[in-house]
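Okay, so here's the structure we're looking at.
The values are calculated or read from the model by the stated rules, or taken from the named source; none is laboratory data. Remember, it's a predicted structure, so these values are computed and weren't measured experimentally. All Cβ positions, even for glycine, are placed from backbone atoms using ideal geometry, and neighbour counts span all protein chains on display. Ligands, DNA and RNA are stripped out before the accessible areas are found, and what is left, the full protein with its side chains, is counted by its heavy atoms. Shrake-Rupley method; radii C 1.70, N 1.55, O 1.52, S 1.80 Å.
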Amino acid sequence: MRFSHDGLTLWYGTPDAPAPEGVEEGRRGVSVTVAVQPPGPSNAVTVRYRVDQGAAQLERAVRVRTDHARGTQYFRATFPDFWSGERVEYLPILTCAGRRAPAPLTASTFPSWFGLAGGPPSGDRTTSAAPRQPESSRWTPGPERLPFVLDYLATVRVPLKAPENIGVTPDGLKVDWYWYPAEGVVMGPKLNAKVRRLGGDWMTIRQDGIGVIDVRATLETPEGVLIYAAYTGFFDMGENGYRNFLDRRWPNRAPIRTSPRFDTADARYAWLNRLHCLGIGEVRMDELVAIYDLYAVR
């Protein structure tokens, strides 16, 4: 299997990246190796899977090596013990600073599978790794829970007008960003909409180079439903970002981390009103575009 999107490529089920496909595996220690290009420190791989067409679950992969000669990074995800079920379907997903592969429509599918042999794995279930709980299950504390509560909704892409510098105020450097020259796009397996042009970011840049985001926007779905969106967050331009911005010098790309919230009166999208979301991506100053992945915290 090989997928490319947003300048990223991943593959698996090959001699250099072995993965089970259409075979029968044991119920303990099954792993998937995923190769990705281009290599980078921000690359992250998660394997989305389900057992017997049940609830989708996530398993985070760890980076195992980098082949510099081939310009390839390798990640490996090991599934938890399977105490029940007969068939596992899965798909690895690569993310990097707001980009992802495969494309959003493919990312909602499960193109690969393997069967499960025999009965439950041997050993005491109370001391062995317990099966992962579905994303909608009851919360249990601890860092091991984190990979299983981020539900990918969509990727947001918004074109920007060159920043309007209001100037240095007692609160910091005030900068306004407006959507330009076209509307933005929200595209994903769970949310699709356009970002109407009547919106923007009223940012305050601190002296440590952090831009404090303050966005207000209106989304419009294909059905014509209007959704109010607002979020705060950080735009990190580096330690010298404040002075560089005053001199109209900024990095080609800078990371953004946001906490969007949504409000709508339409019953078809009322589920958005209940979400706490995270946005992870970047501003591409060389292209004047903001792009980020939108997740719901379940």
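Explain nothing, just the number: dipole magnitude of segment 149-298 about its Cα centre with +1 on each Lys and Arg Cβ and -1 on each Asp and Glu Cβ, in debye rounded to the nearest 20.
On the way: 19 positive and 19 negative charges, 31 e Å.
With Lys and Arg at +1 and Asp and Glu at -1, about 160 debye.
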Restricting attention to the alpha-carbon atoms of segment 211-277, what are Rg (one decimal) and Dmax (integer), both in Å? 16.1, 48
At a 10 angstrom cut-off on C-beta neighbours, averaged per residue, how do the peptides 278-284, 261-267 rank from highest to lowest? 278-284, 261-267
So, with +1 on the Cβ of K and R and -1 on the Cβ of D and E, and no other charges, what is the size of the charge dipole of the chain about its Cα centre, to the nearest 20 debye? 100
Which value in Å does the Kirkwood hydrodynamic radius of the chain take, with 1/r averaged over all unlike C-alpha pairs and then inverted? 21.0
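Over all directions, the average projected area of the alpha-carbon convex hull for segment 164-248 comes to how many nm²? Please report the intermediate quantities before stating the final value.
On the way: hull surface 25.9 nm².
Average of the hull's projected areas for segment 164-248 equals 6.5 nm².
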Share of the chain's accessible area from carbon and sulfur, percent, 1.4 Å? 52
Highest mean packing first, using Cβ neighbours within 10 angstrom, the peptides 31-37, 211-217, 225-231, 268-274 sort as 31-37, 211-217, 225-231, 268-274
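Helix-only mean residue ellipticity at 222 nm, the chain, DSSP H runs n ≥ 4 weighted -39,500 (n - 2.57), per residue, nearest 500. What is it?
On the way: 2 runs with 10 residues, N = 298.
About -500 deg cm²/dmol.
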Extension length gain for Glu25 and Glu164 (0.36 nm per residue less Cα distance), in nm, is 44.2 nm
What fraction of the Cα pairs in segment 1-61, stated in percent, has a spacing above 14 angstrom? 66
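Please state the relative contact order of the chain as a whole percent: Cα pairs under 8 Å, 6+ residues apart? Provide the component values of the computation, followed by the final result.
Numbers: 749 pairs, mean separation 41.5, N = 298.
RCO, the chain: 14 percent.
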To the nearest 0.05, the calculated FRET efficiency linking Trp202 and Glu223 through their beta-carbon distance, R0 being 45 Å, is 0.95
List residues of segment 1-21, by number, whose backbone nitrogen lies under 15 Å from a label position 7 Å along Cα→C-beta of Arg70. 1-3, 9-19
How far apart, in nm, are the 7 Å Cα→Cβ label points at Phe234 and Ala117? 4.8
For the ranges 100-112, 151-163, what's the packing order if you count other beta-carbon atoms within 10 Å of each residue, average per peptide, and put the highest first? 151-163, 100-112
With the crude spin-label approximation of a point 7 Å out along Cα→Cβ, what separation in nm comes out for Asp247 versus Met187? 3.8
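Using a 1.4 Å probe, what is the accessible area per residue for the chain, in Å²? Let's see the in-between values first.
Values: 14570 Å² over 298 residues.
Result: 49 Å² of accessible area for each residue.
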For segment 151-166 versus segment 222-298, the gap between their alpha-carbon centres in whole angstrom: 6
